[in-house]
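The block underneath contains the structure these notes are about, expressed in structure tokens.
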Amino acid sequence: MNAADLIVAPVLLPLATAAGMLLLGEQRRGIKSVVNTLSTAAGLAIAIVLLMHVHARDAPSAYAVYLPGNWPVPYGIVLVADRLSALMMVLAGSVALAALLFSLARWHRAGVYFHVLFQLQLMGLYGAFLTADLFNLFVFFEVLLAASYALLLHGGGPERVRAGLHYIAINLFASLLFLIGVAVLYGVTGTLNMADIARKLALVPDSDRGLLLAGASILGVAFLAKAALWPLNFWLPPAYAAAGAPSAAVFAILTKVGVYAVLRLWTLCFPDSAGPSAFYGAELLAWGGIATLAYGSVGMLASQQPGRLAGYSVIASSGTLIAAIGLHETALAAGALYYLASSTLAGAAMFLLVELLERSRQVETAPPQADPGDETLPDFVDTAPPAIVNLDDDEQVLIGRAIPAALAFVGVAFGVCGLALSGLPPLSGFVGKLAMLSALLPRQEPAAWVLFGTLIASGLMAATALVRIGIRHFWTPGDRQPPTLRLAEGLPVAALLGALVTLVVLGEPMLEYTRAATDALQTPSLYIDAVLRAQPLPQPTLEAAR
């Protein structure tokens with residue numbers, strides 16, 4: 001089988017899995033868990049195969065094109081896998097598998113149809129990264145959003161309902177803008193295929209150019225609202241903090257779908273060869289991304305709850321990526337794609353750790369009741385303690401005290417995740433930020449220098465916020481039992497953190513991959529030619545059928 005034939009598999013596999021699990025009814029969660037895990041792992045494996053396929057080839061073979069309905073372009077549905085979409089699919093599959101394994105400890109039993117909704121959301125994610133036309137991008141957007149609405153409310157509770165209503169309202173409004181923008185672009189260009197739209201933009205008369213840019217602007221607002229651009233991101237921290245840990249971990253990549261859509265369409269439709277429309281909206285993207293990064297960093301610094309801190313970290317990473325897109329620099333975009341992978345994995349791990357952190361705070365035991373008749377004085381009241389004894393604030397001996405394994409794991413995992421989110425060495429967040437800072441240093445425009453300073457300041461604010469949360473959860477005195485940690489919860493967190501370490505070990509090959517992906521994005525003619533040259537398979541003749 002040709003690897004290009006696998007392109008449709010990431011969409012059909014979760015769809016078939018969800019349909020099959022629906023037939024099992026509301027019970028049989030054990031069977032559903034096994035089926036869901038196998039399907040998610042298979043989807044990740046297919047995504048890795050596609051990534052290796054497109055990366056091993058140069059253009060035009062680096063674009064795997066599939067026509068599901070066997071209709072000629074641009075009339076039929078087109079699925080395309082290139083370096084960018086393959087990278088996003090691998091990230092989506094990795095985060096989804098980790099979140100699913102974490103949910104098997106208890107979260108999948110908190111409501112009905114969890115496994116079905118999980119597969120539908122995965123289908124929407126894969127489809128959004130693969131589709132090559134705007135209408136199906138809208139369809140896959142709505143599939144993943146509809147599943148996310150239910151997953152956000154999974155587990156119930158007034159806080160989830162309140163945050164879910166805001167989340168649903170803003171996304172429905174963004175979907176309405178999406179439809180309006182698509183309708184305007186279709187009215188101007190007469191097509192919904194992304195490559196065909198990009199090809200026809202040069203043919204749009206000057207009298208219709210204002211309408212074209214208006215449609216692109218409306219569509220951009222819809223994407224940027226989903227990408228959590230400031231000031232359209234007020235809904236994100238409370239919604240993500242209210243969601244269950246597995247759902248929130250998958251949500252870490254939902255905002256990246258909006259970033260992906262902006263990157264894909266903006267580089268296709270407004271390259272430097274687009275004449276008067278070249279780099280349309282670049283300044284807005286750059287300054288809006290900087291404002292979003294600053295907002296997310298200040299929000300992290302002001303957060304008192306780890307769930308909201310994780311939500312603001314997602315906003316800060318989205319702002320970084322959008323600003324890098326707006327500055328349209330190849331080396332900067334390559335570093336931003338590397339940072340995208342790092343921030344997505346670290347954000348997902350942080351959302352999973354949030355529940356473990358909160359659980360460690362909730363297992364406090366009641367302080368022992370003093371016996372009224374006991375007048376025994378505590379040790380070392382009238383005399384100083386011996387110099388050889390090391391005591392804590394409660395005058396308990398520290399020497400020889402063992403740290404519970406669960407608490408030690410959560411603490412180390414939180415520290416590693418904090419290093420990655422704040423961009424401190426030696427983890428992948430530092431590599432991504434260093435690549436971006438190196439690309440920004442020679443730039444002379446004000447936006448580049450402001451982004452340079454904001455990136456450094458955001459790292460300091462993130463580190464300060466994470467240290468404060470760590471002190472509160474690990475160093476403050478309190479009579480607490482160690483949190484209960486199951487293997488199904490520890491393993492996915494360790495796997496995500498291991499992926500962050502792997503990004504560092506394979507830093508140079510990974511940066512080479514992102515540079516190749518960025519070079520392809522900066523040359524949109526490669527994508528356009530690969531899509532428009534795709535031919536349907538010949539129809540079988542009557543003689544061949546006989």
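How much of the accessible area of the chain, probe 1.4 Å, is carbon plus sulfur, in whole percent? Let's see the in-between values first.
Values: 15190 of 23140 Å².
Roughly 66 percent of what the probe reaches on the chain is carbon or sulfur.
What is the sum of charges, Lys and Arg at +1 and Asp and Glu at -1, for the other residues whose Cβ falls under 13 Å from the Cβ of Val182? Don't skip to the answer; put the middle values down first.
Numbers: positive: none; negative: Asp133, Glu142.
Value of the local net charge: -2.
Please list 3J(HN,Hα) in residue order for segment 69-83, calculated via the Karplus relation 6.51 cos²θ - 1.76 cosθ + 1.60 where θ = phi - 60°; whole Hz, with x for glycine and proline.
Karplus-based 3J(HN,Hα) across segment 69-83 equals x, 6, 9, x, 6, x, 8, x, 6, 10, 10, 10, 10, 10, 4 Hz.
Can you list the trypsin sites (Lys or Arg not before Pro) in segment 412-472 that are in a DSSP coil and have 10 or fewer other beta carbons within 10 angstrom?
Answer in residue order: no site qualifies.
Could you calculate the contour length gain from Ala169 to Ser438, that is, 0.36 nm times the residue separation minus the distance between their Cα atoms, to one decimal place in nm? Before the final figure, lay out the partial values.
On the way: separation 269, 0.36 × 269 = 96.84 nm, distance 4.02 nm.
Going from the current span to full extension adds 92.8 nm.
Which is the longest run of the chain containing none of the GluC sites (Glu not before Pro) found in DSSP loop states (not H, G, I, E, B) with at most 13 other C-beta atoms within 10 Å?
27-374
Under 16 Å Cα-Cα from Lys256, which lysines qualify once same-chain neighbours fewer than 8 residues away are excluded?
Within the straight-line limit of under 16 Å, Lys256 reaches these lysines: Lys226.
Over all distinct alpha-carbon pairs, what is the Kirkwood Rh of segment 54-114 in angstrom? Walk me through the intermediate numbers first.
On the way: mean 1/r = 0.0689 Å⁻¹.
Hydrodynamic radius (Kirkwood, Cα pairs) of segment 54-114 is 14.5 Å.
Consider the candidate values [x] 76, 52, 47; [y] 68, 55, 42; [z] 99, 62, 42; state which one is Cα extents along the principal axes in Å computed from the structure displayed.
Only one listed value fits the structure, namely [z].
Report the relative contact order of the chain, percent, no decimals, based on alpha-carbon pairs under 8 angstrom and at least 6 residues apart.
On the way: 831 pairs, mean separation 94.2, N = 546.
Once normalised by length, the contact order is 17 percent.
Can you work out ³J(HN,Hα) from phi for every residue in segment 410-416, in order, using Karplus 6.51 cos²θ - 1.76 cosθ + 1.60 and θ = phi - 60°, giving whole Hz and x for Gly and Pro?
4, x, 5, 4, 5, x, 5
Once every DSSP H run of n ≥ 4 in the chain is given -39500 (n - 2.57) and the sum is divided by its residues, what mean residue ellipticity at 222 nm do you get, rounded to the nearest 500 deg cm²/dmol? Before the final figure, lay out the partial values.
Values: 20 runs with 370 residues, N = 546.
One gets -23000 deg cm²/dmol as the mean residue ellipticity at 222 nm.
Each residue of segment 451-465 in turn: what ³J(HN,Hα) in whole Hz from Karplus with 6.51, -1.76, 1.60 and θ = phi - 60°, glycine and Pro shown as x?
5, 4, x, 5, 4, 5, 5, 5, x, 5, 5, 5, 4, 4, 5
Give me the accessible area per residue for the chain, probe 1.4 Å, as a whole number in Å². Intermediate values should be presented prior to the final figure.
Values: 23140 Å² over 546 residues.
Computed with neighbouring chains in place, this is 42 Å² per residue.
Taking amide H positions as placed 1.01 Å from N in the peptide plane, with prolines and chain starts having none, which residues 5 or more places from Asp133, or on another chain, fall under 5 Å of its amide H?
Answer set, sorted by chain and number: Val78, Met194.
The values are calculated or read from the model by the stated rules, or taken from the named source; none is laboratory data. Because the structure is a prediction, the values reported are computed rather than measured. We place every Cβ from the backbone using ideal geometry, glycine too, and count neighbours over all the protein chains shown. Remember, those area values only see protein heavy atoms, side chains included, never the ligands or the DNA or RNA. Shrake-Rupley method; radii C 1.70, N 1.55, O 1.52, S 1.80 Å.
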